[in-house]
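Once you've had a glance at the structure underneath, I'll fire off some questions.
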Amino acid sequence: MSKPEPSGATESPSYTVHLTRWAQQDLQDISRFLLQKTGQQQVLTWLDELQNAISTLNTMPERGHWVPEMLAAGMKTHRELSHPPYRIIYQIREQSVFVFTVIDSRRDLQSLLKKRLLE
């Protein structure tokens, strides 16, 4: 005999998380940069932490806030998750989450987006 679920309990939907080629390239570039500044173990630890943060987007991706630079332009399309000093910029489409970029929060996001849109 199965145990009944408590009244009002709902299962949160699961999303599939995809890394765009830009996000994959960002992770490679950041890894190379960090390897020059730190040791291999620190890079592996950082990558593991960042991948864990990205994988959490498979549940409740709405928890990320709207990207301020895009919101200022009237675009409520992309959200971000912070993993200091990096910003994980993503978009939710149906049951999928697309990670578009992983950027150092000290970089100019508007310039990066313009450059990528022209590629």
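Look through the stretch 101-119, keep the residues that are assigned to a loop (DSSP other than H, G, I, E, B) and either among the aliphatic types (A, V, I, L, M) or over 12 Å from residue 69 (Cβ atoms) (or both), and return whichever of them is modelled with the highest pLDDT. Full working, then the answer.
Our first condition is that a residue be assigned to a loop (DSSP other than H, G, I, E, B); within the stretch 101-119, this holds for 105-108, 119.
Subsequent filtering for residues that are either among the aliphatic types (A, V, I, L, M) or over 12 Å from residue 69 (Cβ atoms) (or both) retains 106, 119.
Numbers: 106: 83, 119: 59.
That would be 106.
For the stretch 61-76: of the residues being at pLDDT 90 or above and open to solvent by 80 Å² or more (accessible area, probe 1.4 Å), which is farthest from the chain's Cα centre (by Cα)?
Here the residue is 76.
May I pose another question? Quick check on my filter: what residues within the stretch 77-114 are exposed (fewer than 10 other Cβ atoms within 10 Å of the Cβ) and not acidic (Asp, Glu)? Break it down into steps so the answer makes sense when it comes.
So in the stretch 77-114, the residues exposed (fewer than 10 other Cβ atoms within 10 Å of the Cβ) come out as 84, 94, 106, 111.
Once the filter is applied, which keeps residues that are exposed (fewer than 10 other Cβ atoms within 10 Å of the Cβ) and not acidic (Asp, Glu), the stretch 77-114 yields 84, 106, 111.
Still on this structure: Of everything in the stretch 23-58, what is surrounded by fewer than 12 Cβ atoms within 10 Å (Cβ to Cβ) and of a type in the set (A, V, I, L, M, F, W, C)? Give them in sequence order.
Once the filter is applied, which keeps residues that are surrounded by fewer than 12 Cβ atoms within 10 Å (Cβ to Cβ) and of a type in the set (A, V, I, L, M, F, W, C), the stretch 23-58 yields nothing.
Then there's this: Answer yes or no: is there a residue in the stretch 68-80 that is under 22 Å from residue 30 (Cα atoms) and of a type in the set (Val, Ile, Thr).
no
Please name all residue pairs, on different chains or six or more residues apart, with Cβ atoms under 8 Å, provided the first residue is in the stretch 83-100 and is closer than 11 Å to residue 64 by Cα and in contact (Cβ under 8 Å) with a residue 12 or more places away in the chain and the second residue is assigned to a loop (DSSP other than H, G, I, E, B) and not β-branched (Val, Ile, Thr).
87/105; 88/64; 89/78; 90/64; 90/78; 91/78; 92/15
Additional query: Of the conditions (1) farther than 19 Å from residue 16 by Cβ; (2) under 9 Å from the mean Cα position of the chain (by Cα), residue 79 satisfies every one except a single condition; which number is it?
So the condition that residue 79 fails would be (1).
The values are calculated or read from the model by the stated rules, or taken from the named source; none is laboratory data. Nothing here was measured: the structure is a model prediction, and the numbers come from that model. Heads up, the Cβs are rebuilt from the backbone with ideal geometry, glycines too, and the neighbour counts pull from every protein chain shown. The accessibility values were calculated without ligands, DNA or RNA, using every heavy atom of the protein model including side chains. Shrake-Rupley method; radii C 1.70, N 1.55, O 1.52, S 1.80 Å.
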